[in-house]
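J.: Have a look at this one.
The values are calculated or read from the model by the stated rules, or taken from the named source; none is laboratory data. Note that the coordinates shown come from a computational prediction; the quantities given were computed from them, not determined experimentally. Every residue, glycine among them, receives a Cβ derived from its backbone with ideal geometry; neighbour counts consider all protein chains shown.
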Amino acid sequence: MKRLHILIFFLCFNIYGQNTSRVFNNIIEEKKGVLRLKMNDGEYRLQFYLPDVVETSFIPDGEKYSKKSHAVILKPQKVITKFKETDKAIYFASKKLKVVIQKFPFKISYFYGKKELISEKRGYVKTEKYETIELNLEKEEVLYGGGARALEMNRRGYRLELYNKAHYGYETHSELMNYTMPVVLSSKRYMVHFDNAPIGFLDLDSKKNNTLTYETISGRKTYQIIAGQSWYDVLDNYTELTGRQPMIPRWALGNFSSRFGYHSQKEVENTIQKFKEDNIPVDAVILDLFWFGKDIKGTMGNLEPYKDSFPDFNGMVVGLKEKNIKTIAITEPYILTTSKRWKEAVQEDILAKTKEGKLATYDFYFGNTGIIDVYSQKGKAWFWDIYKGLVDIGIAGVWGDLGEPEVHPDWVQHETGSANEVHNIYGHDWAKLIAKGYEKYFPETRPFVLMRAGYSGSQRFGLIPWSGDVNRTWGGFKRQPEIALQMGMQGLGYMHSDLGGFAGDNLDDELYVRWLQYGVFQPIYRPHAQEQVPSEPVFRSEKAKERAKIAIELRYKLLPYNYHLVYENNSKGTPLMRPLFFDFQSPKTEKLGTTYLWGNDFLISPQLDKDVKKHSIFIPKATVWFDFYSDKRIVGEGEEMEIPKRENSIPTLVRAGSFIPMTRDIQNTEAYNANELTIHYYHDDTIQSSNRYLYNDDGKTANALEKGMFELVKFSSNFNGKSLKIQLNTELGNNYKAQEKQYKLVIHNVKKEVKKVLINGKLVTPIKKVNNIEIPVTWNTKKKQIIKLKF
């Protein structure tokens, strides 16, 4: 209570208000976690969703409060709140997040513990062109968010347009790309989500007056403040609010064969055969638009196999499936007037219209077109029938392209609103249509939904975004880690790039290989490019092919580790790629986007520049790591450290105390056996104890975790100077049977003489190598297993 009085005392003597024309009148009500305030020009409505999440809405006079959100799906929880009113201020708080409202002059401020996060500057203000919300920033705050942009990590200083728009051939700088979001994150460890779909701008202090401004053409004047004790808590709270990403199928972590595009059934089958002949792992093939037409232009909207080029499309899909190759086919939301389905689309009334109720047709690169109205029941039903037909013949994944939508004139009308009102959520609702269809017709199947555009919260529909048509240059490559890191912070943990680059005819084997080496440690491994230069390693030079093969094989060896990251993302919204400041926050790391964490235990620094002789990597102070390829022990000093350039790998460090599970060499994820793994433990005398987990299920059943069809293996270590004890335990879901494990435990950095090795008290003989030992472990998971090394 003393802290409360001090806080209110301080605020009462704050002479600054947020809007001199806005005057507090009275409290309308405070009830069940909701506070309503009457102002001279409208009403404020504040509501807690979680102890760390509060929502603020302003409802101007003459308007009604709307609960409709395209992003938020969490129903407000029963949050215990405290309320206090004095002559000068109103205090409204959960156990963690506090809202302090200064009455005269009026001002709303948000605190987390003792720390002020942010406050309203002028709050809601209607200008001649936009409806805006203004908030105060501190001078030194680093800002992230706004969706996918090719910028540096710190996006402060930009006024970012909120209008999904593809940028063909971008390189190091692009302020507007295919996936925008009204989301801002601060280095002070909070998020602001402006909960409104229509187009607008996100001004991250472009006028350098410490102001964050959201600008929109219409809609809700609502935002949520999301906070947390750690960055992981912030993402956990945000994805609880907007939805978790379903677990992707395990095969989606494998290598994709993809290009723009395969012109025939013969070309597809021959390409996959080439992977098999070269012993390069592959799990899926992606068909671009030639599957439904011979030409790029004039055929979009056919959405059925082009029999001249694909004489037995169904047989091809089945044949590939028998080889454990999944087929993914491209679809777009456009039906051209020259397509085979144009008459059907008109008759079925599935297309968007004009204000006068006529069909909305217009020209773009591919021809004269209409766009499917995914907001009408007829449009949704028709489009889903296309997908259901594809799934029925064995198509394993959905590729939704051009979903910004790429061309979307403002005069186009959808059933629920104008193009400008739904433009930024079109891809979001398209993904929703597919997700709901799978839930109804294929409830046991995990969908794979590859899409270029969406909205905040789209992760809950399984949407997997990619970074658009990046140029096939070093400049295009340079921004890819930052784009993926930023999107992971905004809930989209599977943002990835066309490995090797997409646009242009630049045949640069070094760039290609370095991009694929980076791909090992990012969410989806999908080389893809225009066909002037092959994207598949099997068609590159022998040296490039061999180097690419090494990278792809490592990707597969890390399958158990990577699949656990899928589980973590599904459980708490934790990104697969994590900014270094998630664990080691400092002024240096807050702006660092070229070195990052892959999961908890890998520190990765891709080679993003040409002709590098030595590679510098930032290593946090007082941390211990091991070079993944040489086992060299490295102690971080909080500064850049030079690492020699290697041809076949990029700088990859492993955290001391980590357990890294790896599988044997496999050519396809179907060959994966979670009961036969090599477990690498990175011992260090500075680590007294550590714990790690490994999730496993069948890799394909939807909601396997919720259905109890899983196991969670726990690895723990304890070191006291005289002995090292490693313990294995397992937690089984109620629909999962215990299975015997055949592990090979490799303990790294063992420099002391090992006198004895015991497994559950029985003496065993390890295989001793330079600075590490190998111990075969047969484990009945019904019982815990204890491996003990005595020095």
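J.: With 86, 127, 81 as the choices, which residue is surrounded by 19 or more Cβ atoms within 10 Å (Cβ to Cβ) and of a type in the set (S, T, N, Q)?
T.: 81
J.: Show me the strands (runs of 3 or more DSSP E) entirely contained within the range 669-765 in which 1 or more residues are in contact with an Asp or Glu (Cβ under 7 Å, 6 or more places away or on another chain).
T.: 689-696, 711-719, 723-732, 740-748
J.: Oh, and also: I'd like to verify a number: residues in the range 638-655 that are part of a loop (DSSP other than H, G, I, E, B), in contact with a Ser or Thr (Cβ under 9 Å, 6 or more places away or on another chain) and free of Cβ contacts under 8 Å to residues at least 60 places away in the same chain, how many?
T.: Qualifying residue count, the range 638-655: 2.
J.: Only one of these is in a loop (DSSP other than H, G, I, E, B), closer than 23 Å to residue 369 by Cβ and in contact (Cβ under 8 Å) with a residue 12 or more places away in the chain: 279, 302. Name it.
T.: Values: 279 fails: closer than 23 Å to residue 369 by Cβ.
Among 279, 302, only 302 is in a loop (DSSP other than H, G, I, E, B), closer than 23 Å to residue 369 by Cβ and in contact (Cβ under 8 Å) with a residue 12 or more places away in the chain.
J.: Moving to a separate point now. If we scan the range 254-268, do we find a residue that is under 30 Å from residue 674 (Cβ atoms), within 16 Å of the chain's Cα centre (by Cα) and at pLDDT 95 or above?
T.: Scanning the range 254-268, I find no residue that is under 30 Å from residue 674 (Cβ atoms), within 16 Å of the chain's Cα centre (by Cα) and at pLDDT 95 or above, so the answer is no.
J.: Considering 560, 575, 606, which residue is of a type outside the set (S, T, N, Q), touching a residue at least 12 places away in the same chain (Cβ under 8 Å) and out of contact with any Pro (no Cβ under 8 Å at 6 or more places or on another chain)?
T.: 575
To keep it simple, each residue is scored yes or no on (1) on the phi > 0 side of the Ramachandran plot; (2) surrounded by 17 or more Cβ atoms within 10 Å (Cβ to Cβ).
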| position | (1), (2) |
| --- | --- |
| 636 | no, yes |
| 642 | no, no |
| 652 | no, yes |
| 657 | yes, yes |
| 672 | no, yes |
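J.: Let me ask you something else. Only residues that are part of a helix (DSSP H, G or I) and farther than 30 Å from residue 665 by Cα: list them for the range 222-263, please.
T.: Within the range 222-263, 231, 232, 233, 234, 235, 236, 237, 238, 239, 240, 241, 242 meet the criteria.
J.: Next question. Among all residue pairs at least 6 apart or on different chains, which show Cβ distances below 9 Å where the first residue, located in the range 746-774, is in the same structural domain as residue 784 (by TED's automatic domain parsing) and surrounded by 13 or more Cβ atoms within 10 Å (Cβ to Cβ) and the second is part of a strand (DSSP E or B) and acidic (Asp, Glu)?
T.: Going by the 9 Å Cβ cut-off, the qualifying pairs are 746/774; 747/774; 766/774; 768/774.
J.: Scanning the range 214-233 for residues that are among the aliphatic types (A, V, I, L, M) and under 24 Å from the mean Cα position of the chain (by Cα), which turns out nearest to residue 126 (Cα to Cα)?
T.: Here the answer is 225.
J.: Another question, if that's okay. Of all the strands (runs of 3 or more DSSP E) wholly in the range 541-611, which have at least 3 residues that are over 15 Å from the mean Cα position of the chain (by Cα) and over 21 Å from residue 155 (Cα atoms)?
T.: Where strands (runs of 3 or more DSSP E) fall fully within the range 541-611 and carry at least 3 residues being over 15 Å from the mean Cα position of the chain (by Cα) and over 21 Å from residue 155 (Cα atoms), they are 602-604.
J.: Since residue 679 meets every condition but one in (1) on the phi > 0 side of the Ramachandran plot; (2) out of contact with any helix residue (DSSP H, G or I) (no Cβ under 7 Å at 6 or more places or on another chain), which condition does it not meet?
T.: The failed condition is (1).
J.: Moving to a separate point now. For residues that are within 25 Å of residue 582 (Cα to Cα) and among the charged types (D, E, K, R), scanning just the range 149-193, find the one that is modelled with the lowest pLDDT.
T.: This residue is 152.
J.: Which numbered condition in (1) surrounded by 15 or more Cβ atoms within 10 Å (Cβ to Cβ); (2) under 28 Å from residue 507 (Cβ atoms) is the only one that residue 624 fails?
T.: (2)
J.: Which residues, taken from the range 41-65, are surrounded by 13 or more Cβ atoms within 10 Å (Cβ to Cβ) and in contact with a Gly (Cβ under 8 Å, 6 or more places away or on another chain)?
T.: Selection gives 47, 48, 52, 58, 59, 60.
J.: Take the range 462-515 and flag every residue that is over 22 Å from residue 406 (Cβ atoms), over 19 Å from the mean Cα position of the chain (by Cα) and not aromatic (Phe, Trp, Tyr).
T.: 473, 475, 500, 505, 506, 507, 508, 509, 510, 511, 513, 514
J.: Do any strands (runs of 3 or more DSSP E) lying entirely in the range 381-479 carry at least 2 residues that are among the small types (Gly, Ala, Ser), and which ones are they?
T.: Output list reads 397-400.
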